[in-house]
Structures are given as structure tokens and as C-alpha cells.
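Structure record follows, encoded as C-alpha cells.
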Amino acid sequence: MNRQVIDHRGHEFARLGREVLEGCRTVFKTSDPVIIFPSSGTGAWEAAIVNTLSPGDKVLMVETGHFATLWRQMAARWGIDVDFVPGDWRHGADPATIEAKLAEDKGRAIKAVMVVHNETSTGVTSRIAELRKAIDNVSHPALLMVDTISSLGSVDYRHEEWAVDVTVSCSQKGLMLPPGLGFNAISKKALAASKTNKMPRSYWDWEEMLKPNVSGFFPYTPATNLLYGLREALAMLLEEGLEAVFARHQRLAEAARAAVRGWGLEVLCLESAEYSPVLTAVLMPPGHDADHFRKVVLDNYNMSLGSGLSKLAGKVFRIGHLGECNELTLMAALTGVEMGLSSAGVPHRSGGVGAAMEVLEGRGATNSWSPLKMAVS
Ligand code: PLP
């Protein structure tokens with residue numbers, strides 16, 4: 001990315017534009033268009049709303065955690081009537097509840113179901129394929145919109161197969177880039193909704209983007225350096241192979257959870273089918289402040305753990321294991337946590353690091369992957 005910015009109206013840029021716009025489709029697993037905004041993930045959320053919904057529209061959202069709550073607030077600010085299904089921040093969106101809510105909606109007033117795939121605040125991953133089925137079971141026409149901000153490129157995700165209408169994402173998580181790119185993958189149904197919805201927009205307008213995107217261009221100055229990085233990030237993901245990338249995340253996550261159990265601590269996520277492959281949120285023992293613990297780890301070992309957000313502040317810390325992360329990166333992080341627990345005087349058992357190693361070496365009880373075999377000549 002540390003290269004000269006090229007003319008964004010020239011041939012060389014058009015090649016770059018076409019390459020990244022096409023490459024994104026592979027990672028979103030779709031033949032639908034993917035739009036790239038110069039924005040954070042929040043901007044991509046807003047684009048999804050203003051291109052498809054109208055003030056007064058009813059939508060269904062689920063309180064999976066901090067980010068679902070923020071998306072709900074944004075929708076409310078745009079005059080959307082949000083039915084926010086309450087949650088305990090330890091489970092994902094429940095397909096049965098969505099199905100029941102949609103079945104009750106005889107007048108088909110609900111225009112969209114909007115869920116966060118991977119709740120970065122809790123380490124819980126909702127089951128999007130099952131949510132799709134729940135919507136189809138009652139033949140409800142609502143759009144399905146999914147925030148994949150912390151799952152894209154790390155967790156199996158299929159925009160087209162799961163008939164998602166708008167997939168929202170951004171650059172700074174599984175795509176391993178700095179912040180600054182926001183994405184919307186758009187189904188034909190979502191595009192049709194954008195032709196008739198009544199919400200003012202200009203910067204975020206899909207149509208304005210899609211026209212120049214056909215030839216690899218953008219309607220305004222693109223984040224060219226980030227697009228250089230995106231081209232390389234897509235190449236890295238495809239070189240390793242998406243399925244191998246997903247398996248690596250699963251393996252590292254399983255090791256992280258083994259460490260947490262080894263320490264005698266508790267993973268926040270309560271549903272094993274919803275364990276996040278990209279991060280693990282860990283509950284602190286009662287009477288111990290997670291932010292004090294995080295400060296001890298930062299001061300002593302120069303390692304930054306994720307904080308608990310809003311109602312989880314001080315109660316959890318989060319270990320990230322996504323993107324450019326391998327066995328040794330994870331083991332270093334887990335070692336930092338185990339040493340930090342001792343330094344901060346947090347009651348725990350030693351041996352979490354050893355339990356994680358057992359999983360990575362294929363000796364752990366619950367692993368479901370084949371360890372690498374060393375060639376002996
Ligand atoms: N949604 C999820 C799941 C996130 O993890 C984040 C940020 O971490 C956001 C939305 C907001 O994205 P941004 O901070 O890039 O605007």
C-alpha cells in the first residue's frame with residue numbers, strides 16, 4: 001500500500017478496480033455486485049439502510065450484543081420502526097424466534113431481517129443458513145441483511161447460496177487491512193428495493209456506484225492505497241484457499257477455548273454451535289475487573305486485549321484470533337494472558353497454555369482436524 005497514488009481516472013486504475021470488484025465476489029461467494037465505499041463498517045451499515053428501506057418501515061433485529069444494538073440505534077435514527085428481539089449477549093439470533101415473529105406478521109409489514117453474523121462484542125456467531133431457512137419456512141418476503149464485519153474472510157459465509165440481500169462488511173478484520181473500506185454485496189431483490197424505497201441519499205447511493213464500477217471506476221475519489229492492499233489481501237486468502245482459512249480459524253479458536261477452560265475460566269458464548277472462530281470473549285471471575293487485568297497485561301507484556309463493550313465493560317476481555325494469525329501468534333497471546341492472570345492476581349489454574357497446545361498438536365479431546373504431519377527423510 002505504500003506506493004504512489006495513481007490517476008483514478010486512468011487505465012491502470014480501471015484494471016485495479018475491476019480486479020478488486022471481481023475478487024470481492026469470490027470472498028463474499030456471490031455473482032451479485034459488491035460495492036466498495038471509502039468508509040468504516042458503520043458507513044456500510046448506513047448504505048444498506050438508506051438504499052433499501054423507507055422511513056416508517058418495520059424491521060426485525062436481534063439483540064446479540066453491542067454492535068447489533070448500535071445498528072438498531074442507527075436504523076431508529078433513520079425513522080425505521082425496529083422490533084428488537086431481546087437477547088442475553090451470550091447467544092446468537094435464534095432461527096425459531098425469527099420464524100415465529102415472521103409467521104405472526106400476516107400483513108407482511110416486516111420489510112427486513114437484520115442480523116450481525118459475528119458479534120465482535122461477545123464472540124458469538126449467528127447461524128445465517130438457519131435464519132435463511134426460518135424465513136423461507138414461512139415464505140416471508142422480508143429482505144435479509146447481514147453484518148459480516150468481523151466474519152468475512154474468516155468464517156464460512158455464502159451471500160448467494162444463503163440468499164442474503166445485503167451483506168455489509170469492511171476492511172479491518174478478516175481482510176487484514178487498515179480501516180477505510182466498507183462493502184455492500186447486493187442481491188437483485190435488494191437492488192429492486194433500491195429503485196422504489198424513499199430515503200434520501202447521495203454519497204451512499206448504490207446506483208451512482210454501480211454505473212462507473214462496470215468499467216472499474218468510482219464516482220468519487222477512491223481509497224486507492226487501500227485498494228492496492230485489498231488486491232493483495234484477496235490474493236492471500238485465495239492462495240491459502242478460503243476453506244483452509246476457515247479451518248485455520250476454527251482450529252485456533254478451539255485452542256483458545258481449551259486455554260480458557262484450562263484456566264478454569266468461562267467462555268462468554270453459551271452455545272457450542274455459535275462459538276466464534278474469530279475471537280473468544282472470556283468472563284472474569286466475580287470481584288475482578290477485566291479492564292484492570294487488561295492494563296496489567298498491556299503494561300507488563302505490551303499486549304492489547306479487547307475490552308468488554310457497553311454492558312460487558314469490566315466483565316469480559318476478548319482474545320482476537322483472526323486474519324493473519326497462526327499457531328505461534330495465538331500461543332504468544334495465550335501465554336501473555338496466562339502470565340497476566342498471575343501478575344494481576346486473578347484466581348485461575350495454570351495449564352491453559354498447555355491445553356491449547358494439546359489441541360494444536362492434535363492431542364486435545366475435542367479437535368476435529370488433522371494435524372500437519374512432519375516429513376521425515
Ligand atoms: N459491526 C461489527 C460486528 C463490528 O465488529 C464493528 C466494529 O468493530 C462494527 C459493526 C462497526 O464498524 P466500524 O467501527 O468500522 O464502523
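The values are calculated or read from the model by the stated rules, or taken from the named source; none is laboratory data. This one's a predicted model, so the numbers in the text were calculated from it and none came from an experiment. Because the Cβ atoms are built from the backbone with ideal geometry, glycine has one as well, and the counts that use them run over all protein chains shown. Ligands, DNA and RNA are excluded from the accessible area calculation, which covers all protein heavy atoms including side chains. Shrake-Rupley method; radii C 1.70, N 1.55, O 1.52, S 1.80 Å.
Among the residues of the range 88-126, which ones are touching a helix residue (DSSP H, G or I) at 6+ places or on another chain (Cβ under 7 Å), more than 16 Å from the ligand (Cβ to nearest atom) and charged (D, E, K, R)?
99
Would you please list the contacts, defined by Cβ atoms under 9 Å and residues six or more apart or on different chains, that run from a residue in the range 257-270 that is basic (Lys, Arg) to a residue that is open to solvent by 10 Å² or more (accessible area, probe 1.4 Å) and at pLDDT 95 or above?
Hits for this filter: 257/267; 257/275; 261/267; 261/355.
Looking only at the range 50-87, how many residues end up being within 16 Å of the ligand (Cβ to nearest atom), in a loop (DSSP other than H, G, I, E, B) and small (Gly, Ala, Ser)?
Final tally of qualifying residues: 2.
Is it true that some residue in the range 233-243 is among the acidic types (Asp, Glu) and within 16 Å of the ligand (Cβ to nearest atom)?
Checked against the condition, which is being among the acidic types (Asp, Glu) and within 16 Å of the ligand (Cβ to nearest atom), the range 233-243 yields no hits at all.
Tell me yes or no: at least one residue of the range 268-282 is assigned to a loop (DSSP other than H, G, I, E, B), more than 26 Å from residue 358 (Cα to Cα) and more than 17 Å from the chain's Cα centre (by Cα).
no
If you go through the range 172-183 one residue at a time, do you hit one that is closer than 27 Å to residue 58 by Cβ and in contact with a helix residue (DSSP H, G or I) (Cβ under 7 Å, 6 or more places away or on another chain)? Lay out the reasoning, then the answer.
Here is the first cut: in the range 172-183, the residues closer than 27 Å to residue 58 by Cβ are 182-183.
Within this subset, residues satisfying the condition of being in contact with a helix residue (DSSP H, G or I) (Cβ under 7 Å, 6 or more places away or on another chain) are 182-183.
There is at least one residue in the range 172-183 that is closer than 27 Å to residue 58 by Cβ and in contact with a helix residue (DSSP H, G or I) (Cβ under 7 Å, 6 or more places away or on another chain).
When you check residue 216 against the structure, is it out of contact with any Asp or Glu (no Cβ under 6 Å at 6 or more places or on another chain), crowded, with 16+ Cβ neighbours inside 10 Å, part of a loop (DSSP other than H, G, I, E, B) and small (Gly, Ala, Ser), yes or no?
Spelling it out, residue 216 is indeed out of contact with any Asp or Glu (no Cβ under 6 Å at 6 or more places or on another chain), crowded, with 16+ Cβ neighbours inside 10 Å, part of a loop (DSSP other than H, G, I, E, B) and small (Gly, Ala, Ser).
Please go through the range 284-313 and pick out each residue that is under 26 Å from residue 68 (Cα atoms) and touching a strand residue (DSSP E or B) at 6+ places or on another chain (Cβ under 8 Å).
284, 290, 291, 294, 305, 306, 307, 308, 312, 313, listed by residue number.
Can you find, within the range 305-351, the residue that is nearest to the chain's Cα centre (by Cα) among those that are charged (D, E, K, R) and part of a loop (DSSP other than H, G, I, E, B)?
Result: 324.
Please find, among 199, 176, the residue that is within 16 Å of the ligand (Cβ to nearest atom) and either on the phi > 0 side of the Ramachandran plot or part of a loop (DSSP other than H, G, I, E, B) (or both). Reasoning before the result, please.
Values: 199 fails: within 16 Å of the ligand (Cβ to nearest atom).
The unique qualifying residue is 176.
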